[in-house]
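> Could you have a look at this structure, given as structure tokens, before my questions?
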């Protein structure tokens, strides 16, 4: 028990120190705080310069709610629960394996750090994105998980900050399902993680932005605004009722597994889900919704 208490204590102290150094600009490439701000300002500028829905206000519906979600989920949520929970869960998993005299390293397929830089980054990126795509599908398949995911789908006007409007339970699910696949292909250094993370944030912001882009032939590889808006469509055919276009960064999984769906230009389609007019409109009630829903 003392071991877990120490892990929780060290997690809080470590992340708090990291957050302070980030805000005070005492970090370099691993500064997610200013990295997020810079990416957000660039994509928001693109929205203003090349708006797809020209009648949509610069400060669109729920702009400030989504901005709060962005910083809460990206930083405060880590401080409040995710880092401590993640580290404790990893230790618990390793402790359970030790009962059988095995460790996660026994399942390791190869040492990824022996790979060339480009190959290491590519493997990490593809594995993470595929696991996230699978997880995203699960969020739409099971009602228990869908009730948490509704927070993200409650967006009624798309904009870059809508990318990070999600319930705190989602990263718990995503991180849990990513742990074992990443563990069995070896460790990654902090710079690898930062590079992939910043790229994913950029594509995620663009996917939700008010921009009329599909990247040409790259649309079959990269998720894009024209494709992702259909993921948020309120009305879908009955055979697609569990969702479409589940890609996080890559769209290729949807084309491979036939979950792609772009019937026409979706600029003006209604966003949301059935009965979303009765869904909570403020942060606290949205966070509580899955726990109090009858």
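The values are calculated or read from the model by the stated rules, or taken from the named source; none is laboratory data. A quick note: this is a predicted structure, and the numbers were derived from the prediction, not measured. Cβ: placed from backbone, ideal geometry, glycine included. Neighbour counts: every protein chain shown.
> Quick one: which residue in 193, 172, 128 is modelled with pLDDT under 95, assigned to a helix (DSSP H, G or I), surrounded by fewer than 18 Cβ atoms within 10 Å (Cβ to Cβ) and within 13 Å of the chain's Cα centre (by Cα)? Let's see the steps before the verdict.
Working: 193 fails: within 13 Å of the chain's Cα centre (by Cα); 128 fails: surrounded by fewer than 18 Cβ atoms within 10 Å (Cβ to Cβ).
Within the list 193, 172, 128, the selection yields 172.
> Still on this structure, please answer the following. Is it the case that some residue within the stretch 244-253 is over 25 Å from residue 42 (Cβ atoms), in a helix (DSSP H, G or I) and in contact (Cβ under 8 Å) with a residue 40 or more places away in the chain?
Checked against the condition, which is being over 25 Å from residue 42 (Cβ atoms), in a helix (DSSP H, G or I) and in contact (Cβ under 8 Å) with a residue 40 or more places away in the chain, the stretch 244-253 yields at least one hit.
> Please enumerate the residues belonging to the stretch 139-150 that are more than 13 Å from the chain's Cα centre (by Cα) and in a helix (DSSP H, G or I). Don't jump to the end; show me each part of the working.
At the first step, the residues of the stretch 139-150 found to be more than 13 Å from the chain's Cα centre (by Cα) are 140-148, 150.
Within the stretch 139-150, 140, 141, 143, 144, 145, 146, 147, 148, 150 qualify.
> Criterion first (at pLDDT below 95, touching a helix residue (DSSP H, G or I) at 6+ places or on another chain (Cβ under 8 Å) and buried (at least 17 other Cβ atoms within 10 Å of the Cβ)) does residue 186 satisfy it? Walk me through it before giving the result.
On the way: at pLDDT below 95: yes; touching a helix residue (DSSP H, G or I) at 6+ places or on another chain (Cβ under 8 Å): yes; buried (at least 17 other Cβ atoms within 10 Å of the Cβ): yes.
Yes, satisfied.
> Quick one: residue 247 ticks every box in (1) farther than 22 Å from residue 168 by Cα; (2) touching a helix residue (DSSP H, G or I) at 6+ places or on another chain (Cβ under 6 Å) except a single one, so which number is it?
The number of the failed condition is (1).
Condition check ((1) under 23 Å from the mean Cα position of the chain (by Cα); (2) closer than 23 Å to residue 195 by Cβ; (3) modelled with pLDDT of 70 or more) across all residues:
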residue: 99; (1), (2), (3): no, no, yes
residue: 105; (1), (2), (3): no, no, no
residue: 121; (1), (2), (3): yes, yes, yes
residue: 124; (1), (2), (3): yes, yes, yes
residue: 133; (1), (2), (3): yes, yes, yes
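> A further question on this structure: Considering the stretch 215-243 alone, what residues qualify as being free of Cβ contacts under 8 Å to residues at least 24 places away in the same chain, in a loop (DSSP other than H, G, I, E, B) and crowded, with 17+ Cβ neighbours inside 10 Å?
Selection gives 215 alone.
> Applying the selection to the stretch 75-90, what residues are exposed (fewer than 15 other Cβ atoms within 10 Å of the Cβ) and at pLDDT 70 or above?
76
> Test each condition in (1) at pLDDT 95 or above; (2) touching a helix residue (DSSP H, G or I) at 6+ places or on another chain (Cβ under 7 Å); (3) within 25 Å of residue 38 (Cβ to Cβ) for residue 203 and report the one that comes out false.
The one condition residue 203 does not meet is (2).
> Could you figure out which of (1) within 19 Å of the chain's Cα centre (by Cα); (2) part of a loop (DSSP other than H, G, I, E, B) isn't true of residue 198?
Just one mismatch for residue 198, condition (2).
> Now for a different question. Which residue, of 68, 33, 63, 59, is more than 25 Å from residue 212 (Cβ to Cβ), at pLDDT 95 or above and out of contact with any strand residue (DSSP E or B) (no Cβ under 7 Å at 6 or more places or on another chain)?
68
> Scanning the stretch 265-284 for residues that are in contact with a helix residue (DSSP H, G or I) (Cβ under 9 Å, 6 or more places away or on another chain) and not in a loop (DSSP other than H, G, I, E, B), which turns out nearest to residue 54 (Cα to Cα)? Steps first, answer last, please.
Here is the first cut: in the stretch 265-284, the residues in contact with a helix residue (DSSP H, G or I) (Cβ under 9 Å, 6 or more places away or on another chain) are 265-267, 269, 271-273, 276, 279-283.
Those still in the list that are not in a loop (DSSP other than H, G, I, E, B) too: 271, 276, 283.
Details: 271: 17, 276: 24, 283: 28 Å.
Taking the candidates together, the pick is 271.
> Go through the stretch 250-285 and give me each residue that's under 30 Å from residue 123 (Cβ atoms) and touching a strand residue (DSSP E or B) at 6+ places or on another chain (Cβ under 7 Å). Steps first, answer last, please.
Taking the stretch 250-285 as the starting set, the residues that turn out to be under 30 Å from residue 123 (Cβ atoms) are 250-262.
Selection gives 250, 251.
> Tell me which of these residue 41 doesn't satisfy, since it passes every other one: (1) farther than 27 Å from residue 285 by Cα; (2) touching a residue at least 12 places away in the same chain (Cβ under 8 Å); (3) under 22 Å from the mean Cα position of the chain (by Cα).
With (1) farther than 27 Å from residue 285 by Cα; (2) touching a residue at least 12 places away in the same chain (Cβ under 8 Å); (3) under 22 Å from the mean Cα position of the chain (by Cα) applied to residue 41, the lone miss is (2).
> Next question. In the stretch 32-59, how many are out of contact with any helix residue (DSSP H, G or I) (no Cβ under 9 Å at 6 or more places or on another chain) and crowded, with 18+ Cβ neighbours inside 10 Å?
Qualifying residue count for the region: 0.
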